[in-house]
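Each remark here refers to the structure printed beneath this line.
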Amino acid sequence: MENTDKILPSTETSRRDFIKTAAAAGAAVATTQIFKTPVYGQNQAPSPGRVIGANDRIVVGFVGVGGQGMAHVRSQKENMAATNVVLAAVADVSKTRVKEAKAYIGGDCQGFADYRRLLDRKDIDAIVCSTVDHWHTPVCVDSMNAGKHIYVEKPMTRYLGEAFEIYDTVRSTKKILQVGSQGCSDAKWHKAAELIQSGKIGKAVLGQGSYMRNNPKGEWNYDIKSWATSEDIDWQGWLGKQIKVRPEFNADHYFRWRKYYPYCAGLLGDLFPHKLHPYMLATGNPEFPSRVCSLGTRKVETDKAGGNPPRDVPENVQILAEVPSGYTLMVCSSTVNETGTQEMIRGHKASLYMGGNRIELKPEKAFSEEVDPLDITGIKPGESVAVHEANWFDCIRSGKEPNAGIDLAVKVQTVISLAEISDRMSIMCLFDPKTRKVTTGDGRAVKVPTYGTLPLS
């Protein structure tokens, strides 16, 4: 991949009824004009793929069948009658994982070491990508160019330039992309968008939320399996051409990649998307950030307690992100303290308290005669991978924008990427969506990081 400055040019009931009903709960997100940029990989004209009718069965392939990939395999197999899908093929750089996934799916499921061979199958309509983060962009872009719809786990991608490659490919291929931030299919965030857009809280001022954990021996130190050897895993294929510093086979990196900057942004990539997507969706009109700052620390050093290799990424991170309308997001995440903040959206006239299947609207004292309080309970469904997948399938058939579609996802990824830049470079990042340029507060251009441009990248 070339330098980013070249990438960023200037310009409830039965299960079936439950899933169908819940997946239908959604609010459209606004589209912002973005100019064309080069796409990753293929130069040939995109394949149109099969036209899928409202009642047609969708044939699905899976790229990456580790922990999260198998979660999608299990979910879709359990719900395949309700969603009218068939699980056809899997691809993974691990022979063991391909074998286990094929055995679980059964039938004539086909397995591949190279995901591109899976994409050659013309009968496959849609791909679920659950790879390490640095493979999200090539898998997404290649899949859409091959005529496939795509569900990609969060974060949408690793670096900012790649986010716009995916965006432009969605626009050119007209394929349906869903990012795996399943909170976006929780109906309460769509209800919040309705309340905010109808003026119930006045102008939105501040959204605040958190995703907190406390692992005494270090988050993401997953068990290393005995089958994980260089004979089983295509290590060079796992690294890809993207990774510039190329270690020898390392099972710790393979299983615990979220700890290491070349493959992931840590908390910013893993947990923050679960908060940023719904809090931006809840405005009813998601915007690109205009300013982002972030602070990450790694002072507890929990890896030492577990006798594990030290991580690159922070244990504790905060983001402040402002959008042009004045709405600000204040989100924090930690692996060293599990006490979260109050989940809420503050407005000039009232605030929304978000929790479980409930939204409580409380007027500000100065507007208590103007704004009526509300206590909305029984909101369904809540966070569910199955519901989020069903929303994707429904949108493939209808052509509608899914709950975590590209227009929301590219804005969220911009926040995530700017936050990483801010923390690692100790700067405030300003962003112009028309030019896709990042600057500092005094107007200096920022060379946006990509693979190999920062230490540990």
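A short reminder: the numbers here are calculations on the coordinates, not readings from a lab. Worth saying up front: this structure is predicted, and the values here are computed from it rather than measured. Cβ: placed from backbone, ideal geometry, glycine included. Neighbour counts: every protein chain shown.
Search the structure for amide H atoms under 5 Å from the amide H of Phe62, placed 1.01 Å from N in the peptide plane, and list their residues when 5 or more places away or on another chain.
Long-range HN contacts for Phe62: Ala89, Val90, Ala91, Val128.
Please list, or write none, the lysines whose alpha carbon is within less than 19 Å of the alpha carbon of Lys259, excluding same-chain residues fewer than 8 places away.
Partners found: Lys154, Lys217, Lys225, Lys244, Lys299, Lys304.
Over the alpha-carbon set of the chain, work out the extent along each principal axis and list the three values in angstrom, largest first.
So the extents along the principal axes, rounded to whole Å, are 69, 50, 47.
How large is the dipole of the chain about the Cα centre if only Lys and Arg carry +1 and Asp and Glu carry -1, each at its Cβ, rounded to the nearest 20 debye?
Value, rounded to 20: 480 debye.
May I ask for the net charge around Gly207, where only other residues with Cβ less than 14 Å from the Cβ of Gly207 are counted and Lys, Arg are +1 while Asp, Glu are -1?
Here the charged neighbours net out to +2.
Once the dipole of the chain is set up with Lys and Arg at +1 and Asp and Glu at -1 on Cβ about the Cα centre, which of Thr377, Ser198, Ala113 lies farthest towards its positive end?
Farthest towards the positive end: Ala113.
Using amide H atoms built in the peptide plane, which far-off residues or other-chain residues are under 5 Å from Arg298 H to H?
Counting only residues 5 or more places away or on other chains, the set is Glu315.
Which of Cys184, Cys109, Cys129 has the fewest other C-beta atoms within 10 Å, and how do the rest follow up to the most?
Least crowded to most crowded, the residues run Cys109, Cys129, Cys184.
Reported to two decimal places, what Rg/Rh ratio describes the range 231-349 when computed on Cα atoms with Rh from the Kirkwood expression?
Across the range 231-349, the Cα-based Rg/Rh ratio is 1.06.
Please list, ordered by chain and number, the residues whose modelled amide H lies under 5 Å from the amide H of Met344; skip anything fewer than 5 residues away on the same chain.
Gln208, Met354
Per residue of the range 125-132, in order, report the coupling 6.51 cos²θ - 1.76 cosθ + 1.60 (Karplus, θ = phi - 60°) as ³J(HN,Hα) in whole Hz, putting x for Gly and Pro.
9, 8, 10, 9, 9, 10, 8, 4
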